[in-house]
Amino acid sequence: MRRTAVVLGAVFALTSLATAGAQSQPIDLQALVDAAPSGSVVTLVPGVYAGNVVIDKPLTIDGGGLAVVDAGGDGNGFEITAADVTLRGLTIRDTGDSLDRENAGVSGRSASRMVVEDCVFQNVLFGVFARQSPDAVIRNNVIGAKDLDLGRRGDGIRVWETSGAQIIGNTVDGGRDSVMWYSDNLIVDGNKFTNGRYGLHFMYSHDATITNNVLEGNSVGGFLMYSKNLTFTGNFIGGNSGPSGYGLGMKEVDGASVRDNQFVGNRIGVYFDYSPISYDVTNHFVANLVAYNEVGLMFLPNVERNAFTGNAFIENREQVGVSSGGEFTGNIWSVDGVGNHWDDFGGYDADGDGIGDIPYKLDDLYSVLIDTHPEMAFFADTPAARAVDMAAHLFPTLRPRPKVVDEAPLVDMPQISPRPSGATTIESTGLLGVSLALLAAAAAIVALSRSRIGGLR
Amino acid sequence: MTVAVARPQIEAGTVVTIARKELRDSVRNKWFWLYAIAFAGLAGVLTTLALPSARVAGYGAFGRSASSLVALVQLIVPLMGLTLGAQALAGQQERGTIRFLMSHPISRSEAFIGMYLGLAAALSAAIAAGFGSAGVITVMRGGAADAGSFARIAILSWILAAAMLGVGMLVSAFTSRSGVASGSALFVWLGLVFLGDLGVMGTALATDLPVGALFFSAVANPVEAFRLATLTSFEGSLDVLGPAGTYAVDSFGSALDALLISVLILWVIVPVTIAWYRFTRGKDL
């Protein structure tokens, strides 16, 4: 039964191709779908097929990587309204650009267990949009975006009331967000979300595991909101430096476990907006690298019950900031005698147990000034700002209350395994050339001064 | 052959000769070597210290060393330029060198320009040596930086040095004793490097200065203009500087670089011109 369906599909495709070839019209994929029996596999021969295809029965469409579905700049690539539909190996392109109608490459509605895999999306408003389609699988797709103003773009991946979805190994570039709404038990693993607004956005979606993703070059890397019991592990979050520029933002998130991630080169590494929100919940941050951010961790005032252990804070312009400088106590900076590694720790470890013998205290006057008066950031790192800090250390009356006290700072940098990222490494040959040229110039000038001067000796 | 002392006339050959004499004097000067070695040494040490942990997935590879280098330049290069410049006219006047020089068929303009160029060459050597050694150490320790931004910071430092040298000579032109000139130069240094910024900070804190006013009062200072110009090259933008930085980016966009470099160039041209005017119109030597 199934084999005949395959053959049938291919014959339909071939005949359509033959007739379409002369007029270079896209092949009528809807007709193929309508003719295919429920539950069959339609294998497409290479060619361009017309989009705006509605699939209302269980069906697999396999493009073999060479079939193109072109929506002609209007509507969706596919609209799926039945369970158990699989789309595989297709290039889906040129959807409409209506945000109202949510034009998408693949738009699923009540499409339980829909599978979209190994597909390429080009010039689409939304990429894959799954509504009320539990256990959907979105796997190994490459999703591009329309070249529109950020506000007029759609989401690379949008999941709506679709619990149990698996989003694995996708590359999503240049869209608005990849956003999960009201969907529990999601698995988001090994994806790359780059150059969007929010790389990854969780809204009211509980019990997800978010692992091994790269969130890079977005305005905000990831924003987790109103979601409970999220596991966020092994992700690389780098170079997210838009106007808000959070690597990871957490708003009213309870029971988060943030472990073994790298927050590198963001404007703000992790932003804490009333997380956790419940009084009996602690969020845990373990073994993360927070490096080269403008601000490593930024808290709204009165945020408490975050516990940090085994993290490394390296060369952030400001290690920990408190927005507008309000009350800031009640976070935990060492757990069971294990604190964090701070590269500006000025203490010592005489007994050699790897734990500093004096607490790490973050009490730079100038960083407190920046917290309360953001315009002071303008002078950060100037000799004058350093003089202010020095004055505070010389005259303890000027010293502010420490923002952070880590009773058990780690003296050595914890082992950090490198993560994949798209950042380009810079060749050193150019630098060597410039440096040697400068040294040669210096030598030439000194030599010039030693040679005889006509008239004057 | 009549040796007409045609005052306004400036001969390139004479200027070059005086410049080379001034360069030779500088290179023989212990202070110059002290500055040069201190700058090169500190630049090397800072780069070394800033590098070890400095490589995660291509981020932050040079940012920290660069900002340390920039802070070092902010401190030392103005000090070098100001003190060398302050010594130039007043010191030579005190020692009678200028009187001896002027007994030759040389116009005052030639003497002034020659001195300026000679000292500028000496400063260039010190700065090139400092940046060169910092760069070589970075490469030797396995670091890397964008050669373009590195060269840009070196060139901006050189422009800053030329400006500070001019300000030093301006101080010198208005004093006749080298001690007074050096003291005044140190005070100017303190003002440009610390008091200026602290003053703007204090004013901003006390009066809720609008960010635009904060930006302009800070940028009028050549040391600040230098810092911001370097930041645009290795941070890519001034957004990192909070609201005032965002204001600058929003108001000037791509013209920001030109604005900052113009401020620096103005600081090169204006003080030197006033110093030259004062020196050439001077009475006795």
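The values are calculated or read from the model by the stated rules, or taken from the named source; none is laboratory data. Since this is a predicted model, take the numbers as computed values, not measurements. Heads up, the Cβs are rebuilt from the backbone with ideal geometry, glycines too, and the neighbour counts pull from every protein chain shown. Only protein heavy atoms, including side chains, enter the accessible area calculation; ligands, DNA and RNA are left aside. Shrake-Rupley method; radii C 1.70, N 1.55, O 1.52, S 1.80 Å.
Below are the figures for this structure:
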| quantity | calculated |
| --- | --- |
| Of residues in region B:141-161 being open to solvent by 20 Å² or more (accessible area, probe 1.4 Å) and more than 9 Å from chain A (Cβ to nearest Cβ), the one farthest from residue B:232 (Cα to Cα) | B:141 |
| Unmet requirement for residue A:15, which otherwise passes all of (1) at pLDDT below 95; (2) buried (at least 19 other Cβ atoms within 10 Å of the Cβ) | (2) |
| Residue that is most open to solvent (accessible area, probe 1.4 Å), among those in region A:306-332 that are within 22 Å of residue A:386 (Cβ to Cβ) and without any contact (Cβ under 8 Å) to a residue 40 or more places away in the chain | A:315 |
| Residue in region A:289-310 that is touching a helix residue (DSSP H, G or I) at 6+ places or on another chain (Cβ under 6 Å) and either farther than 29 Å from residue A:357 by Cα or hydroxyl-bearing (Ser, Thr, Tyr) (or both) present | yes |
| Criterion (within 10 Å of chain A (Cβ to nearest Cβ) and either in a helix (DSSP H, G or I) or open to solvent by 40 Å² or more (accessible area, probe 1.4 Å) (or both)) met by exactly one of B:179, B:183, B:168, B:130 | B:130 |
| Residue under evaluation residue A:256, criteria (1) within 16 Å of residue A:204 (Cα to Cα); (2) touching a helix residue (DSSP H, G or I) at 6+ places or on another chain (Cβ under 9 Å); (3) not acidic (Asp, Glu), criterion not met | (2) |
| Selection status of residue A:305, touching a strand residue (DSSP E or B) at 6+ places or on another chain (Cβ under 8 Å) and within 14 Å of chain B (Cβ to nearest Cβ) | no |
| Candidates B:203, B:207, B:230, filtered to the one that is more than 9 Å from chain A (Cβ to nearest Cβ), among the β-branched types (Val, Ile, Thr) and within 25 Å of residue A:431 (Cα to Cα) | B:230 |
| Qualifying positions in region A:107-127 - crowded, with 24+ Cβ neighbours inside 10 Å and in a strand (DSSP E or B) | A:107, A:108, A:116, A:121, A:126, A:127 |
| Residue check, residue A:389 closer than 16 Å to residue A:322 by Cβ, in a helix (DSSP H, G or I) and either at pLDDT 85 or above or within 14 Å of chain B (Cβ to nearest Cβ) (or both) | no |
| Which numbered condition residue A:351 misses (of (1) farther than 20 Å from residue A:314 by Cβ; (2) modelled with pLDDT of 85 or more; (3) buried (at least 20 other Cβ atoms within 10 Å of the Cβ)) | (3) |
| Failed item in (1) surrounded by fewer than 24 Cβ atoms within 10 Å (Cβ to Cβ); (2) of a type outside the set (D, E, K, R); (3) on the phi < 0 side of the Ramachandran plot, with residue A:200 passing the rest | (1) |
| Residue in region A:23-61 that is farthest from residue A:114 (Cα to Cα), counting only those that are open to solvent by less than 10 Å² (accessible area, probe 1.4 Å) and of a type outside the set (A, V, I, L, M, F, W, C) | A:49 |
| Qualifying residue in region A:49-69 (condition: in a strand (DSSP E or B) and charged (D, E, K, R)) | yes |
| Count of residues meeting criterion [open to solvent by less than 10 Å² (accessible area, probe 1.4 Å) and not hydrophobic (A, V, I, L, M, F, W, C)] in region A:161-173 | 2 |
| Residue B:193 under 21 Å from residue B:266 (Cα atoms) and open to solvent by less than 20 Å² (accessible area, probe 1.4 Å) | yes |
| Scope region A:393-431; condition modelled with pLDDT of 85 or more and either touching a helix residue (DSSP H, G or I) at 6+ places or on another chain (Cβ under 8 Å) or within 14 Å of another protein chain (Cβ to nearest Cβ) (or both); matching residues | A:403, A:410, A:411, A:412 |
| Failed item in (1) surrounded by fewer than 22 Cβ atoms within 10 Å (Cβ to Cβ); (2) assigned to a loop (DSSP other than H, G, I, E, B), with residue A:303 passing the rest | (1) |
| Verdict on residue A:439 being within 7 Å of another protein chain (Cβ to nearest Cβ), modelled with pLDDT of 85 or more and not in a loop (DSSP other than H, G, I, E, B) | yes |
| Any pair with Cβ under 8 angstrom, 6 or more apart, that starts in region B:15-38 at a residue that is on the phi < 0 side of the Ramachandran plot and ends at one that is small (Gly, Ala, Ser) and open to solvent by 40 Å² or more (accessible area, probe 1.4 Å) | B:17/A:454; B:17/A:455 |
| The listed residue being within 12 Å of chain B (Cβ to nearest Cβ), buried (at least 24 other Cβ atoms within 10 Å of the Cβ) and over 21 Å from residue A:364 (Cβ atoms), out of A:269, A:265 | A:265 |
| Residue selected from region A:244-261 under the condition assigned to a loop (DSSP other than H, G, I, E, B) and farther than 16 Å from residue A:189 by Cβ, by the criterion most open to solvent (accessible area, probe 1.4 Å) | A:252 |
| Which numbered condition residue A:133 fails, given (1) hydroxyl-bearing (Ser, Thr, Tyr); (2) closer than 21 Å to residue A:249 by Cβ; (3) surrounded by 23 or more Cβ atoms within 10 Å (Cβ to Cβ) | (2) |
| Residue in region B:92-108 that is more than 14 Å from chain A (Cβ to nearest Cβ), of a type in the set (Asp, Glu) and either closer than 16 Å to residue B:73 by Cα or surrounded by fewer than 24 Cβ atoms within 10 Å (Cβ to Cβ) (or both) present | yes |
| Selection status of residue A:152, touching a residue at least 40 places away in the same chain (Cβ under 8 Å), open to solvent by 50 Å² or more (accessible area, probe 1.4 Å) and on the phi < 0 side of the Ramachandran plot | yes |
| Test: residue in region A:286-295 that is in contact with a strand residue (DSSP E or B) (Cβ under 9 Å, 6 or more places away or on another chain), open to solvent by 10 Å² or more (accessible area, probe 1.4 Å) and charged (D, E, K, R) | yes |
| Filter result (under 24 Å from residue A:257 (Cβ atoms) and within 14 Å of another protein chain (Cβ to nearest Cβ)) within region A:324-355 | A:341, A:342 |
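Yes/no matrix, rows are residues, columns are (1) assigned to a strand (DSSP E or B); (2) within 27 Å of residue A:324 (Cα to Cα):
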site: A:205; (1), (2): no, no
site: A:210; (1), (2): yes, no
site: A:224; (1), (2): yes, yes
site: A:232; (1), (2): yes, no
site: A:237; (1), (2): yes, yes
site: A:242; (1), (2): no, yes
site: A:263; (1), (2): yes, yes
site: A:272; (1), (2): yes, yes
site: A:277; (1), (2): no, yes
